Amino acid sequence: MPDQGKKRGRRRKLNATSYVVLGMLSYSPATSYDLKRWVASTVGNFWAFAHSQLYDEPARLVADGLITETVERTGRRKRTYEILPAGREALREWLSTTTDEQTEVRDLGLLKLFFANFGDREDVLALARDRHAAHRRRADTYAAQRDELSDYADRWQVKTVELGVRYERCVEQFWADFIKELEEEQQS
């Protein structure tokens with residue numbers, strides 16, 4: 001990713017969390033807690049990061065002049081953030097950059113499968129069954145989210161969930177095929 005920070009005279013390079021915050025604030029002003037909740041039910045399904053970053057990043061974006069902060073004068077002194085035109089421009093610039101990075105796959109099941117030669121055969125079958133069930137549940141959850149979102153989300157948000165369904169169904173099928181292969185070997 002090009003160094004977006006230097007392009008606009010900012011002091012630092014923006015990262016994925018920066019763009020998540022800018023993107024979420026493009027919909028509506030929010031507190032860090034709001035951001036955490038929104039992310040957990042949306043992009044958190046396919047982009048993993050520590051939610052503590054959603055509490056730290058807004059302050060950095062305020063310092064960068066990309067968002068504003070309003071602090072309540074009484075009570076919990078809640079901080080509400082709102083995107084500025086410079087923040088919208090930074091988001092637009094990022095959206096226009098080339099995205100050719102390799103997709104990361106961090107799947108503990110695949111890691112265990114890679115080293116399964118050093119375990120027991122029964123454990124491999126149990127792993128396959130566990131992973132098959134887990135991917136089926138995840139695909140079903142995504143399908144339900146897609147159905148729910150289709151009434152109010154924009155087209156692109158629905159497409160991200162659609163890819164989640166397709167990905168999980170594909171991986172679910174891999175494990176189903178593998179289970180069948182292992183069971184056929186047991187019968188031989």
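Descriptive notes on the structure:
- Folded to 0 to 90 degrees: helix 85-95 orientation relative to the chain principal axis, Cα: 30
- The simple Förster model, with R0 at 35 Å and r as the Cβ-Cβ distance, assigns Phe46 and Glu185 a FRET efficiency of 0.55.
- R0 of 45 Å, Cβ-Cβ distance Lys112-Arg37: FRET efficiency to nearest 0.05: 0.90
- Where labels lie 7 Å past Cα in the beta-carbon direction, separation of Leu125 and Glu162 in nm: 4.0
- Restricting the stretch 85-155 to chymotrypsin sites (Phe, Trp or Tyr not before Pro) in coil, as DSSP defines it, with at most 14 other Cβ within 10 Å: Phe115, Tyr152
- Largest first, the three principal axis extents of the alpha carbons in the stretch 16-78 are 37, 25, 21 Å in whole numbers.
- Ratio Rg/Rh, restricted to the chain and using Cα atoms, in which Rh is the Kirkwood radius: 1.09
- For the chain, calculated [θ]222 nm from helices alone, where every DSSP H run of n ≥ 4 adds -39500 (n - 2.57): -20500 deg cm²/dmol
- Gain on full stretching of the segment that runs from Glu104 to Ala144 - 0.36 nm per residue minus C-alpha separation: 11.9 nm
The numbers here are math on the coordinates, done by the rules we state, and not lab data. Note that the coordinates shown come from a computational prediction; the quantities given were computed from them, not determined experimentally. For neighbour counting, all protein chains shown are included, and Cβ atoms are generated from backbone atoms with ideal geometry for every residue, glycine included.
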